[in-house]
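Trainee: Quick one: the structure is below, questions incoming.
The values are calculated or read from the model by the stated rules, or taken from the named source; none is laboratory data. All of these numbers come straight from a predicted model, not from anything done at the bench. Counting neighbours? That spans all protein chains shown, and the Cβs are built from the backbone with ideal geometry, glycine included. The protein model used for the area step is the full one, side chains on, heavy atoms only, and it has no ligands, DNA or RNA in it. Shrake-Rupley method; radii C 1.70, N 1.55, O 1.52, S 1.80 Å.
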Amino acid sequence: MLVKNQLFCEIKQKEMDKNIVVFNTLTRKKEKFKPLNPPSIGMYVCGPTVYGDPHLGHARPAIAFDLVFRYLKHTGYKVRYVRNVTDVGHLESDADEGEDKIEKKARLEQLEPMEVAQYYLDRYHLFMDQLNVLRPSIEPRASGHIIEQIAMAKKILDAGMAYEVNGSVYFDVEKYNTKHNYGKLSGRVLEDLIANTRNLEGQDEKKNPCDFALWKKASPEHIMHWPSPWSEGFPGWHLECSAMSIKYLGEQFDIHGGGMDLLFPHHECEIAQSVAANGKESVKYWLHNNMVTINGQKMGKSLGNFITLNEFFTGTHKSLTKAYSPMTIRFFILQAHYRSTLDFSNEALQAAEKGLKKLIQGMETLKKIKPSSNSSVDISKLQLDCYHALNDDFNSPIVISNLFEAARIINSANDGKETLTAANIELLKKLFNDFAFDILGLHDDTAFSGNDLTEGLMELILSLRQNAKVNKDFATSDKIRDELTKLGIAVKDTKDGTVWNV
RNA sequence: GGUCUCUUGGCCGAGUGGCUAGGCGCCGGUCUGCAAAACCGCCUACUCCGGUUCGAAUCCGGAAGAGACCUCCA
(Lines give C-alpha, C1' and ligand atoms only; values in the text may rest on other atoms or scores of the structure.)
Protein backbone atom coordinates (compact mmCIF):
# COMPACT_ATOMS: atom_id res chain seq x y z
CA MET A 1 0.00 0.00 0.00
CA LEU A 2 2.71 2.38 1.06
CA VAL A 3 5.00 1.36 -1.79
CA LYS A 4 2.19 1.79 -4.25
CA ASN A 5 1.52 5.23 -2.88
CA GLN A 6 5.14 6.30 -3.17
CA LEU A 7 5.33 5.04 -6.69
CA PHE A 8 2.26 7.06 -7.51
CA CYS A 9 3.90 10.14 -6.07
CA GLU A 10 7.05 9.62 -8.09
CA ILE A 11 5.16 9.23 -11.31
CA LYS A 12 3.19 12.32 -10.52
CA GLN A 13 6.39 14.16 -9.81
CA LYS A 14 7.89 13.27 -13.14
CA GLU A 15 4.83 14.56 -14.88
CA MET A 16 5.01 17.76 -12.94
CA ASP A 17 8.64 18.64 -13.57
CA LYS A 18 8.04 18.95 -17.26
CA ASN A 19 5.48 21.65 -16.72
CA ILE A 20 7.36 24.38 -14.93
CA VAL A 21 6.51 27.84 -16.14
CA VAL A 22 8.67 30.85 -15.30
CA PHE A 23 8.17 34.57 -15.82
CA ASN A 24 10.98 35.71 -18.09
CA THR A 25 11.76 39.40 -17.74
CA LEU A 26 13.22 39.34 -21.24
CA THR A 27 9.82 38.61 -22.81
CA ARG A 28 7.65 39.89 -19.92
CA LYS A 29 5.70 36.67 -20.17
CA LYS A 30 5.42 33.34 -18.47
CA GLU A 31 7.31 30.78 -20.52
CA LYS A 32 7.57 27.04 -20.40
CA PHE A 33 10.83 26.16 -18.70
CA LYS A 34 13.00 24.10 -21.03
CA PRO A 35 16.58 23.61 -19.82
CA LEU A 36 19.35 23.86 -22.41
CA ASN A 37 20.98 20.61 -21.29
CA PRO A 38 18.59 18.60 -19.14
CA PRO A 39 18.85 17.26 -16.54
CA SER A 40 21.59 19.83 -15.83
CA ILE A 41 20.67 23.41 -15.06
CA GLY A 42 22.93 26.42 -14.73
CA MET A 43 21.71 29.23 -12.51
CA TYR A 44 23.50 32.47 -11.69
CA VAL A 45 22.26 34.99 -9.13
CA CYS A 46 23.73 38.36 -8.24
CA GLY A 47 25.00 38.12 -4.70
CA PRO A 48 25.89 40.69 -2.08
CA THR A 49 28.40 43.50 -2.10
CA VAL A 50 30.17 42.79 1.16
CA TYR A 51 30.63 46.17 2.77
CA GLY A 52 27.82 46.11 5.34
CA ASP A 53 25.65 43.88 7.45
CA PRO A 54 22.97 42.08 5.44
CA HIS A 55 19.47 43.54 5.82
CA LEU A 56 15.95 42.33 5.10
CA GLY A 57 16.29 43.36 1.46
CA HIS A 58 19.22 40.99 1.01
CA ALA A 59 17.17 38.12 2.41
CA ARG A 60 14.59 38.44 -0.37
CA PRO A 61 16.63 37.28 -3.41
CA ALA A 62 18.58 34.82 -1.27
CA ILE A 63 15.34 33.12 -0.20
CA ALA A 64 13.55 33.54 -3.51
CA PHE A 65 16.30 31.83 -5.45
CA ASP A 66 16.88 29.34 -2.67
CA LEU A 67 13.30 28.26 -3.35
CA VAL A 68 14.03 27.96 -7.07
CA PHE A 69 17.23 26.01 -6.34
CA ARG A 70 15.44 23.68 -3.91
CA TYR A 71 12.45 23.08 -6.16
CA LEU A 72 14.48 22.39 -9.29
CA LYS A 73 16.57 19.90 -7.32
CA HIS A 74 13.44 18.37 -5.85
CA THR A 75 12.02 17.72 -9.30
CA GLY A 76 15.16 15.81 -10.23
CA TYR A 77 17.29 18.41 -11.97
CA LYS A 78 21.00 18.65 -11.35
CA VAL A 79 21.52 22.32 -10.59
CA ARG A 80 24.77 24.21 -10.52
CA TYR A 81 23.96 27.37 -8.63
CA VAL A 82 26.51 30.18 -8.82
CA ARG A 83 26.16 33.27 -6.66
CA ASN A 84 28.92 35.85 -6.74
CA VAL A 85 30.43 37.94 -4.00
CA THR A 86 31.26 41.49 -4.98
CA ASP A 87 34.37 42.43 -3.07
CA VAL A 88 35.70 44.97 -5.57
CA GLY A 89 34.51 47.12 -8.34
CA HIS A 90 31.33 49.00 -7.68
CA LEU A 91 32.11 52.59 -8.37
CA GLU A 92 30.56 55.40 -6.47
CA SER A 93 29.69 58.25 -8.76
CA ASP A 94 28.70 60.83 -6.20
CA ALA A 95 31.00 62.96 -4.09
CA ASP A 96 33.37 60.05 -3.65
CA GLU A 97 34.70 60.52 -7.17
CA GLY A 98 34.78 56.93 -8.24
CA GLU A 99 36.19 55.54 -5.04
CA ASP A 100 35.58 51.89 -4.53
CA LYS A 101 32.91 51.07 -1.94
CA ILE A 102 34.85 48.40 -0.16
CA GLU A 103 37.86 50.61 -0.07
CA LYS A 104 36.04 53.61 1.30
CA LYS A 105 34.82 51.61 4.24
CA ALA A 106 38.31 50.20 4.74
CA ARG A 107 39.87 53.58 5.05
CA LEU A 108 37.27 54.63 7.57
CA GLU A 109 37.99 51.67 9.74
CA GLN A 110 41.73 51.49 9.12
CA LEU A 111 41.58 47.92 7.93
CA GLU A 112 42.74 46.04 4.88
CA PRO A 113 40.01 46.13 2.23
CA MET A 114 40.04 42.35 2.08
CA GLU A 115 39.67 42.18 5.84
CA VAL A 116 36.48 44.20 5.62
CA ALA A 117 35.18 42.09 2.76
CA GLN A 118 35.95 38.89 4.64
CA TYR A 119 34.28 40.14 7.79
CA TYR A 120 31.03 41.01 6.03
CA LEU A 121 31.11 37.87 3.91
CA ASP A 122 31.31 35.84 7.11
CA ARG A 123 28.41 37.86 8.52
CA TYR A 124 26.44 37.24 5.33
CA HIS A 125 27.02 33.50 5.59
CA LEU A 126 26.12 33.47 9.26
CA PHE A 127 22.73 35.08 8.68
CA MET A 128 21.94 33.17 5.49
CA ASP A 129 22.67 29.91 7.32
CA GLN A 130 20.26 30.96 10.05
CA LEU A 131 17.63 31.64 7.39
CA ASN A 132 18.27 28.10 6.14
CA VAL A 133 19.39 29.41 2.76
CA LEU A 134 21.43 26.66 1.10
CA ARG A 135 24.95 27.57 0.08
CA PRO A 136 25.32 27.86 -3.68
CA SER A 137 27.38 25.29 -5.58
CA ILE A 138 30.03 27.92 -6.33
CA GLU A 139 30.46 31.30 -4.70
CA PRO A 140 33.09 33.13 -6.75
CA ARG A 141 34.59 36.41 -5.60
CA ALA A 142 35.16 39.23 -8.04
CA SER A 143 38.66 39.86 -6.69
CA GLY A 144 39.60 36.29 -7.57
CA HIS A 145 38.57 36.71 -11.20
CA ILE A 146 40.47 39.77 -12.35
CA ILE A 147 42.21 37.75 -15.07
CA GLU A 148 38.90 36.54 -16.51
CA GLN A 149 37.53 40.06 -16.43
CA ILE A 150 40.56 41.47 -18.24
CA ALA A 151 40.25 38.71 -20.82
CA MET A 152 36.62 39.56 -21.42
CA ALA A 153 37.35 43.27 -21.72
CA LYS A 154 40.00 42.38 -24.32
CA LYS A 155 37.51 40.35 -26.31
CA ILE A 156 35.09 43.25 -26.31
CA LEU A 157 37.87 45.61 -27.42
CA ASP A 158 38.87 43.18 -30.18
CA ALA A 159 35.27 43.07 -31.33
CA GLY A 160 35.40 46.83 -31.67
CA MET A 161 32.69 47.41 -29.10
CA ALA A 162 34.90 49.23 -26.60
CA TYR A 163 37.58 51.91 -26.60
CA GLU A 164 40.50 52.87 -24.40
CA VAL A 165 41.03 56.34 -22.99
CA ASN A 166 43.84 57.21 -20.56
CA GLY A 167 44.18 53.69 -19.27
CA SER A 168 40.46 53.13 -18.85
CA VAL A 169 38.28 51.00 -21.12
CA TYR A 170 34.69 51.91 -21.87
CA PHE A 171 31.94 49.96 -23.57
CA ASP A 172 30.73 51.77 -26.70
CA VAL A 173 26.99 51.58 -26.19
CA GLU A 174 26.04 53.60 -29.25
CA LYS A 175 28.13 51.46 -31.56
CA TYR A 176 26.80 48.29 -30.00
CA ASN A 177 23.28 49.54 -30.49
CA THR A 178 23.72 49.92 -34.27
CA LYS A 179 23.98 46.13 -34.55
CA HIS A 180 22.20 44.96 -31.44
CA ASN A 181 19.53 46.16 -29.08
CA TYR A 182 20.79 47.88 -25.98
CA GLY A 183 17.68 48.09 -23.82
CA LYS A 184 15.99 44.85 -24.80
CA LEU A 185 15.83 43.61 -21.20
CA SER A 186 14.85 46.82 -19.45
CA GLY A 187 12.66 48.10 -22.27
CA ARG A 188 14.65 51.27 -22.66
CA VAL A 189 15.39 53.15 -25.85
CA LEU A 190 18.93 54.42 -26.28
CA GLU A 191 17.91 57.84 -27.63
CA ASP A 192 15.79 58.43 -24.52
CA LEU A 193 18.64 57.27 -22.34
CA ILE A 194 21.09 59.66 -23.93
CA ALA A 195 18.63 62.50 -23.55
CA ASN A 196 18.01 61.69 -19.91
CA THR A 197 21.33 60.56 -18.55
CA ARG A 198 22.83 62.97 -16.11
CA ASN A 199 26.22 64.34 -16.90
CA LEU A 200 28.35 63.53 -13.93
CA GLU A 201 31.77 64.90 -13.20
CA GLY A 202 34.80 62.99 -14.33
CA GLN A 203 32.96 61.43 -17.21
CA ASP A 204 34.44 63.50 -20.00
CA GLU A 205 36.55 60.51 -21.02
CA LYS A 206 33.46 58.78 -22.30
CA LYS A 207 32.24 59.24 -25.85
CA ASN A 208 28.72 59.00 -24.59
CA PRO A 209 27.24 59.38 -21.10
CA CYS A 210 25.63 55.94 -21.48
CA ASP A 211 28.94 54.19 -21.95
CA PHE A 212 30.03 52.16 -18.98
CA ALA A 213 33.47 51.22 -17.69
CA LEU A 214 34.97 47.79 -18.34
CA TRP A 215 38.25 48.79 -16.77
CA LYS A 216 39.05 51.86 -14.74
CA LYS A 217 42.50 53.30 -14.17
CA ALA A 218 43.16 53.66 -10.45
CA SER A 219 43.86 57.10 -9.08
CA PRO A 220 46.98 57.37 -6.85
CA GLU A 221 45.03 57.12 -3.58
CA HIS A 222 43.36 53.91 -4.70
CA ILE A 223 44.79 50.97 -2.81
CA MET A 224 42.86 48.16 -4.51
CA HIS A 225 44.24 47.79 -8.00
CA TRP A 226 45.58 45.21 -10.38
CA PRO A 227 47.83 45.30 -13.42
CA SER A 228 46.23 45.17 -16.85
CA PRO A 229 47.26 45.89 -20.44
CA TRP A 230 45.79 49.36 -20.04
CA SER A 231 46.71 50.53 -16.57
CA GLU A 232 46.97 49.68 -12.91
CA GLY A 233 43.32 49.69 -12.08
CA PHE A 234 40.20 47.74 -11.35
CA PRO A 235 37.32 46.18 -13.29
CA GLY A 236 34.07 48.01 -14.02
CA TRP A 237 30.78 47.33 -12.28
CA HIS A 238 29.13 44.90 -14.62
CA LEU A 239 32.01 42.84 -15.86
CA GLU A 240 32.37 40.45 -12.92
CA CYS A 241 28.96 38.83 -13.37
CA SER A 242 29.47 38.29 -17.09
CA ALA A 243 32.96 36.89 -16.63
CA MET A 244 32.17 34.59 -13.73
CA SER A 245 28.83 33.29 -14.97
CA ILE A 246 30.39 32.34 -18.30
CA LYS A 247 33.41 30.81 -16.61
CA TYR A 248 31.37 28.48 -14.45
CA LEU A 249 28.19 27.94 -16.44
CA GLY A 250 29.33 28.24 -20.04
CA GLU A 251 28.59 30.75 -22.78
CA GLN A 252 24.93 29.90 -22.53
CA PHE A 253 23.05 28.92 -19.42
CA ASP A 254 19.50 28.68 -18.16
CA ILE A 255 18.68 31.09 -15.38
CA HIS A 256 20.01 34.43 -14.27
CA GLY A 257 18.40 35.94 -11.19
CA GLY A 258 18.65 39.06 -9.12
CA GLY A 259 16.72 41.97 -7.71
CA MET A 260 14.55 44.10 -9.98
CA ASP A 261 16.69 47.08 -9.10
CA LEU A 262 19.57 45.46 -10.97
CA LEU A 263 17.61 45.21 -14.20
CA PHE A 264 19.04 48.45 -15.44
CA PRO A 265 21.82 49.10 -15.94
CA HIS A 266 23.50 46.02 -14.45
CA HIS A 267 21.75 43.20 -16.27
CA GLU A 268 21.28 45.18 -19.45
CA CYS A 269 25.06 45.69 -19.52
CA GLU A 270 25.68 42.02 -18.87
CA ILE A 271 23.74 41.15 -21.99
CA ALA A 272 25.66 43.73 -24.02
CA GLN A 273 28.98 42.41 -22.72
CA SER A 274 28.14 38.80 -23.55
CA VAL A 275 26.94 39.62 -27.02
CA ALA A 276 29.93 41.85 -27.73
CA ALA A 277 32.43 39.29 -26.44
CA ASN A 278 30.87 36.02 -27.61
CA GLY A 279 28.42 37.02 -30.28
CA LYS A 280 25.50 35.61 -28.35
CA GLU A 281 23.43 36.17 -25.29
CA SER A 282 24.25 33.88 -22.44
CA VAL A 283 21.00 33.82 -20.47
CA LYS A 284 17.82 32.01 -21.46
CA TYR A 285 15.56 33.00 -18.55
CA TRP A 286 15.93 36.24 -16.60
CA LEU A 287 14.18 36.09 -13.22
CA HIS A 288 13.81 39.13 -11.00
CA ASN A 289 12.61 39.35 -7.45
CA ASN A 290 10.73 42.42 -6.26
CA MET A 291 11.68 44.67 -3.38
CA VAL A 292 10.92 44.65 0.31
CA THR A 293 9.29 47.95 1.21
CA ILE A 294 8.96 49.81 4.47
CA ASN A 295 6.15 52.36 4.69
CA GLY A 296 5.61 51.77 0.98
CA GLN A 297 9.18 52.63 0.06
CA LYS A 298 12.00 50.38 -1.01
CA MET A 299 14.17 49.25 1.88
CA GLY A 300 17.69 50.04 0.79
CA LYS A 301 21.12 51.22 1.56
CA SER A 302 20.82 54.62 -0.04
CA LEU A 303 17.62 55.60 1.75
CA GLY A 304 19.06 54.39 5.05
CA ASN A 305 15.68 52.85 5.95
CA PHE A 306 16.91 49.29 6.20
CA ILE A 307 16.74 46.93 9.16
CA THR A 308 19.55 44.41 9.37
CA LEU A 309 18.91 40.72 9.90
CA ASN A 310 20.88 40.92 13.11
CA GLU A 311 18.49 43.61 14.32
CA PHE A 312 15.50 41.41 13.47
CA PHE A 313 16.93 38.43 15.30
CA THR A 314 17.74 40.47 18.40
CA GLY A 315 14.87 42.96 18.25
CA THR A 316 17.29 45.85 18.59
CA HIS A 317 15.99 48.22 15.91
CA LYS A 318 13.77 51.09 16.99
CA SER A 319 11.07 50.12 14.46
CA LEU A 320 10.75 46.63 15.93
CA THR A 321 8.45 45.88 18.84
CA LYS A 322 10.19 42.55 19.44
CA ALA A 323 12.75 40.08 18.09
CA TYR A 324 11.74 37.79 15.22
CA SER A 325 13.24 34.36 14.60
CA PRO A 326 14.99 33.55 11.32
CA MET A 327 12.16 31.21 10.32
CA THR A 328 9.62 33.94 10.93
CA ILE A 329 11.54 36.12 8.48
CA ARG A 330 11.80 33.28 5.99
CA PHE A 331 8.11 32.46 6.27
CA PHE A 332 7.20 36.13 5.99
CA ILE A 333 9.13 36.39 2.73
CA LEU A 334 7.71 33.15 1.31
CA GLN A 335 4.15 34.24 2.07
CA ALA A 336 4.42 36.72 -0.78
CA HIS A 337 5.16 35.81 -4.38
CA TYR A 338 8.75 36.71 -5.29
CA ARG A 339 7.67 39.14 -8.02
CA SER A 340 5.41 41.18 -5.72
CA THR A 341 6.59 43.92 -3.44
CA LEU A 342 6.44 42.90 0.18
CA ASP A 343 5.67 45.50 2.80
CA PHE A 344 7.33 45.20 6.15
CA SER A 345 5.44 45.95 9.36
CA ASN A 346 5.47 44.55 12.87
CA GLU A 347 1.87 43.51 12.44
CA ALA A 348 2.66 41.53 9.29
CA LEU A 349 5.66 39.90 10.94
CA GLN A 350 3.66 38.91 13.99
CA ALA A 351 1.01 37.42 11.71
CA ALA A 352 3.74 35.40 10.00
CA GLU A 353 5.10 34.27 13.34
CA LYS A 354 1.71 32.99 14.48
CA GLY A 355 0.94 31.39 11.15
CA LEU A 356 4.23 29.52 11.12
CA LYS A 357 3.62 28.31 14.65
CA LYS A 358 0.26 26.97 13.57
CA LEU A 359 1.87 24.93 10.79
CA ILE A 360 4.62 23.59 13.04
CA GLN A 361 2.07 22.54 15.65
CA GLY A 362 -0.04 20.91 12.98
CA MET A 363 2.92 18.70 12.10
CA GLU A 364 3.36 17.78 15.77
CA THR A 365 -0.32 16.98 16.14
CA LEU A 366 -0.12 14.69 13.11
CA LYS A 367 2.17 12.35 15.07
CA LYS A 368 -0.59 11.45 17.50
CA ILE A 369 -3.48 10.96 15.08
CA LYS A 370 -4.91 7.45 15.14
CA PRO A 371 -5.69 6.07 11.69
CA SER A 372 -9.27 5.22 10.72
CA SER A 373 -10.46 2.66 8.23
CA ASN A 374 -12.04 5.29 6.06
CA SER A 375 -11.11 8.75 4.93
CA SER A 376 -13.16 11.94 4.89
CA VAL A 377 -10.56 14.03 3.04
CA ASP A 378 -8.53 14.12 -0.17
CA ILE A 379 -4.88 14.71 0.65
CA SER A 380 -3.54 13.99 -2.81
CA LYS A 381 -5.40 17.03 -4.09
CA LEU A 382 -3.41 19.19 -1.70
CA GLN A 383 -0.22 17.62 -2.95
CA LEU A 384 -1.19 18.18 -6.55
CA ASP A 385 -2.13 21.80 -5.82
CA CYS A 386 1.27 22.38 -4.27
CA TYR A 387 3.02 21.08 -7.38
CA HIS A 388 0.78 23.16 -9.61
CA ALA A 389 1.58 26.25 -7.57
CA LEU A 390 5.34 25.73 -7.71
CA ASN A 391 5.22 24.93 -11.39
CA ASP A 392 3.43 28.22 -11.93
CA ASP A 393 6.45 30.48 -11.46
CA PHE A 394 7.27 29.24 -7.96
CA ASN A 395 4.10 30.40 -6.26
CA SER A 396 4.99 29.84 -2.63
CA PRO A 397 1.93 31.63 -1.13
CA ILE A 398 -0.36 29.04 -2.70
CA VAL A 399 1.78 26.23 -1.35
CA ILE A 400 1.51 27.76 2.09
CA SER A 401 -2.26 28.08 1.84
CA ASN A 402 -2.42 24.36 1.04
CA LEU A 403 -0.25 23.59 4.04
CA PHE A 404 -2.64 25.56 6.21
CA GLU A 405 -5.49 23.49 4.83
CA ALA A 406 -3.51 20.38 5.72
CA ALA A 407 -3.00 21.72 9.25
CA ARG A 408 -6.72 22.40 9.53
CA ILE A 409 -7.48 18.82 8.48
CA ILE A 410 -5.00 17.47 11.02
CA ASN A 411 -6.50 19.54 13.83
CA SER A 412 -10.01 18.55 12.85
CA ALA A 413 -9.01 14.90 12.80
CA ASN A 414 -7.50 15.39 16.23
CA ASP A 415 -10.89 16.72 17.34
CA GLY A 416 -12.61 13.72 15.80
CA LYS A 417 -14.30 15.84 13.14
CA GLU A 418 -12.45 14.32 10.19
CA THR A 419 -11.14 10.80 9.68
CA LEU A 420 -7.76 9.89 8.23
CA THR A 421 -6.54 6.53 6.99
CA ALA A 422 -2.99 5.32 7.59
CA ALA A 423 -2.27 6.19 3.96
CA ASN A 424 -3.67 9.69 4.50
CA ILE A 425 -1.38 10.17 7.45
CA GLU A 426 1.65 9.04 5.48
CA LEU A 427 0.74 11.36 2.65
CA LEU A 428 0.34 14.26 5.06
CA LYS A 429 3.76 13.53 6.49
CA LYS A 430 5.17 13.49 2.99
CA LEU A 431 3.36 16.72 2.19
CA PHE A 432 5.02 18.53 5.07
CA ASN A 433 8.38 16.90 4.51
CA ASP A 434 8.45 17.72 0.82
CA PHE A 435 6.92 21.16 0.77
CA ALA A 436 7.43 22.71 4.18
CA PHE A 437 10.89 21.34 4.98
CA ASP A 438 12.51 20.34 1.73
CA ILE A 439 11.22 22.95 -0.72
CA LEU A 440 10.17 25.95 1.37
CA GLY A 441 13.10 25.23 3.68
CA LEU A 442 11.16 25.83 6.88
CA HIS A 443 11.88 24.24 10.21
CA ASP A 444 10.86 24.62 13.79
CA ASP A 445 12.72 27.42 15.51
CA THR A 446 9.88 28.41 17.84
CA ALA A 447 12.33 27.98 20.72
CA PHE A 448 14.46 30.74 19.18
CA SER A 449 15.21 33.31 21.81
CA GLY A 450 15.97 36.86 21.05
CA ASN A 451 17.55 39.00 23.75
CA ASP A 452 14.15 40.20 24.88
CA LEU A 453 13.07 36.74 26.01
CA THR A 454 15.64 36.58 28.80
CA GLU A 455 14.78 40.12 29.79
CA GLY A 456 11.10 39.26 29.89
CA LEU A 457 11.62 36.08 31.89
CA MET A 458 13.82 37.81 34.44
CA GLU A 459 11.31 40.61 34.80
CA LEU A 460 8.61 38.01 35.45
CA ILE A 461 10.66 36.01 37.96
CA LEU A 462 11.72 39.10 39.86
CA SER A 463 8.17 40.42 40.03
CA LEU A 464 7.05 37.08 41.53
CA ARG A 465 9.87 37.36 44.05
CA GLN A 466 8.84 40.91 44.86
CA ASN A 467 5.26 39.72 45.47
CA ALA A 468 6.53 37.05 47.83
CA LYS A 469 8.54 39.65 49.74
CA VAL A 470 5.56 41.95 50.04
CA ASN A 471 3.56 39.00 51.43
CA LYS A 472 6.44 38.26 53.84
CA ASP A 473 6.79 34.86 52.15
CA PHE A 474 10.57 34.95 52.53
CA ALA A 475 10.93 31.21 51.99
CA THR A 476 9.75 31.66 48.41
CA SER A 477 11.68 34.87 47.75
CA ASP A 478 14.90 33.33 49.08
CA LYS A 479 14.34 30.17 47.08
CA ILE A 480 14.03 32.20 43.88
CA ARG A 481 17.26 34.08 44.65
CA ASP A 482 19.17 30.94 45.62
CA GLU A 483 18.07 28.98 42.59
CA LEU A 484 19.01 31.86 40.31
CA THR A 485 22.40 32.01 41.99
CA LYS A 486 22.85 28.32 41.27
CA LEU A 487 22.14 29.07 37.61
CA GLY A 488 24.82 31.71 37.64
CA ILE A 489 22.55 34.73 37.87
CA ALA A 490 23.34 37.16 40.66
CA VAL A 491 20.39 39.02 42.18
CA LYS A 492 21.01 42.10 44.29
CA ASP A 493 18.46 44.21 46.14
CA THR A 494 19.54 47.84 46.01
CA LYS A 495 17.77 50.90 47.27
CA ASP A 496 16.77 51.66 43.64
CA GLY A 497 15.23 48.23 43.13
CA THR A 498 16.42 44.75 42.24
CA VAL A 499 19.23 44.31 39.72
CA TRP A 500 20.59 41.15 38.19
CA ASN A 501 23.47 40.01 36.04
CA VAL A 502 24.88 36.77 34.72
C1' G B 1 11.19 64.98 -17.28
C1' G B 2 11.65 59.73 -19.61
C1' U B 3 10.64 54.28 -19.16
C1' C B 4 7.97 50.73 -16.52
C1' U B 5 4.96 48.66 -12.64
C1' C B 6 1.30 48.55 -9.05
C1' U B 7 -3.69 50.00 -6.52
C1' U B 8 -7.66 43.60 -3.35
C1' G B 9 -11.65 43.43 3.11
C1' G B 10 -8.92 46.22 9.92
C1' C B 11 -3.63 44.37 8.44
C1' C B 12 -0.46 41.09 5.26
C1' G B 13 -1.18 38.88 0.92
C1' A B 14 -2.92 34.90 -3.61
C1' G B 15 -5.89 34.54 -7.76
C1' U B 16 -9.43 34.28 -11.71
C1' G B 17 -13.92 36.71 -17.33
C1' G B 18 -19.03 33.49 -14.22
C1' C B 19 -17.58 28.33 -9.13
C1' U B 20 -15.29 34.96 -5.23
C1' A B 21 -7.24 31.56 -1.69
C1' G B 22 -4.77 31.62 2.86
C1' G B 23 -2.71 33.85 7.34
C1' C B 24 -3.22 37.51 11.23
C1' G B 25 -6.88 40.51 13.75
C1' C B 26 -12.06 41.52 15.46
C1' C B 27 -16.70 39.53 17.14
C1' G B 28 -19.96 35.22 18.48
C1' G B 29 -20.13 29.96 19.78
C1' U B 30 -18.11 24.77 21.36
C1' C B 31 -14.52 23.30 24.84
C1' U B 32 -12.36 24.88 29.49
C1' G B 33 -11.48 26.04 37.08
C1' C B 34 -9.37 30.50 34.41
C1' A B 35 -6.48 31.24 30.24
C1' A B 36 -4.10 29.25 25.94
C1' A B 37 -4.62 25.89 21.95
C1' A B 38 -8.11 23.62 18.75
C1' C B 39 -12.77 23.46 16.11
C1' C B 40 -17.31 25.97 14.07
C1' G B 41 -19.53 30.51 12.57
C1' C B 42 -19.09 35.90 11.41
C1' C B 43 -16.82 40.19 9.10
C1' U B 44 -16.95 38.85 1.72
C1' A B 45 -12.90 43.01 -0.67
C1' C B 46 -11.04 44.08 -5.33
C1' U B 47 -9.00 53.05 -6.30
C1' C B 48 -12.51 55.96 -9.47
C1' C B 49 -15.06 56.88 -14.36
C1' G B 50 -16.35 55.01 -19.07
C1' G B 51 -16.40 50.83 -22.75
C1' U B 52 -16.51 45.47 -24.57
C1' U B 53 -19.50 41.18 -22.79
C1' C B 54 -25.25 37.38 -21.32
C1' G B 55 -21.73 38.34 -17.28
C1' A B 56 -15.55 42.12 -15.17
C1' A B 57 -12.55 42.94 -9.48
C1' U B 58 -10.37 40.04 -13.81
C1' C B 59 -10.14 42.52 -20.92
C1' C B 60 -9.83 47.77 -23.31
C1' G B 61 -9.63 53.29 -22.69
C1' G B 62 -9.28 57.43 -19.37
C1' A B 63 -8.48 59.69 -14.39
C1' A B 64 -6.37 59.75 -9.50
C1' G B 65 -2.84 57.80 -6.08
C1' A B 66 1.63 54.96 -4.93
C1' G B 67 6.21 52.82 -6.24
C1' A B 68 10.70 51.18 -9.11
C1' C B 69 14.50 52.37 -12.56
C1' C B 70 17.07 56.36 -15.26
C1' U B 71 23.42 57.13 -9.96
C1' C B 72 25.80 52.38 -5.91
C1' C B 73 21.66 49.43 -4.31
C1' A B 74 18.93 42.74 -3.42
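Trainee: Would you kindly find the accessible area of A:TRP230, with a 1.4 Å probe and non-protein molecules such as ligands, DNA and RNA excluded, rounding to the nearest 10 Å²?
Mentor: The accessible area comes out at roughly 40 Å².
Trainee: Whenever you get a sec, compute what percent of the accessible area on chain A sits on carbon and sulfur atoms (1.4 Å probe).
Mentor: It is 51 percent, rounded to a whole number.
Trainee: If each of A:LYS104 and A:ASP438 carries a label point 7 Å out from its Cα toward its Cβ, how far apart are those two points in nm?
Mentor: Taking the simple label geometry, A:LYS104 and A:ASP438 are separated by 4.6 nm.
Trainee: Helix A:451-470 sits at what angle to the longest principal axis of chain A, using alpha carbons and giving 0 to 90 degrees rounded to 10?
Mentor: Its long axis makes an angle of about 30 degrees.
Trainee: Continuing with the same structure: Could you report the accessible area of A:ARG135 in Å², rounded to 10, computed with a 1.4 Å probe on the protein chains as they sit in the structure?
Mentor: Counting only protein heavy atoms, the figure is 120 Å².
Trainee: Now a separate question. Relative to the longest principal axis of chain A, what angle (0 to 90°, nearest 10) does the C-alpha long axis of helix A:379-391 take?
Mentor: 20
Trainee: Given the protein chains as shown and a 1.4 Å probe, how many square angstrom of A:SER401 are accessible, to the nearest 10?
Mentor: Around 60 Å² of this residue is reachable by solvent.
Trainee: While we're here: Using a 1.4 angstrom probe with every protein chain in place, what is the largest-first accessible-area order of A:GLU232, A:GLU347?
Mentor: Putting A:GLU232, A:GLU347 in descending order of accessible area: A:GLU347, A:GLU232.
Trainee: Sticking with this structure for a sec: Share of antiparallel DSSP beta bridges in chain A, in percent to the nearest 5?
Mentor: Looking only at bridges with both residues in chain A, the antiparallel portion is about 50 percent.
Trainee: By accessible area of protein heavy atoms, probe 1.4 Å, what ranking do A:TYR119, A:TYR124 get, highest first?
Mentor: In descending accessible area the options line up as A:TYR119, A:TYR124.
Trainee: Working from Cα positions, state the angle (0 to 90°, nearest 10) between the long axis of helix A:146-158 and the longest principal axis of chain A.
Mentor: 40
Trainee: Still on this model: Give the separation of the Cα centroids, region A:456-487 to region A:31-78, in Å.
Mentor: 52
Trainee: Nearest 0.05, what FRET efficiency do A:LYS34 and A:ASN374 give at R0 = 35 Å with Cβ-Cβ as r?
Mentor: So, using R0 = 35 Å, E works out to roughly 0.20.
Trainee: Give me the accessible area per residue for chain A, probe 1.4 Å, as a whole number in Å².
Mentor: 47
Trainee: Per the helix-only calculation at 222 nm, which mean residue ellipticity applies to chain A, given -39500 (n - 2.57) for every DSSP H run of n ≥ 4 and division by its residues, nearest 500 deg cm²/dmol?
Mentor: Calculated mean residue ellipticity at 222 nm is -14000 deg cm²/dmol.
Trainee: Evaluate E = 1/(1 + (r/R0)^6) for A:SER412 and A:ASP385, where r is the Cβ-Cβ distance and R0 equals 25 Å; express this FRET efficiency to the nearest 0.05.
Mentor: That gives a FRET efficiency of 0.85.
Trainee: Still on this structure: Report the charge-dipole magnitude of chain A in Debye, nearest 20, computed about the Cα centre from +1 at each Lys and Arg Cβ and -1 at each Asp and Glu Cβ.
Mentor: In total the dipole reaches around 1840 debye.
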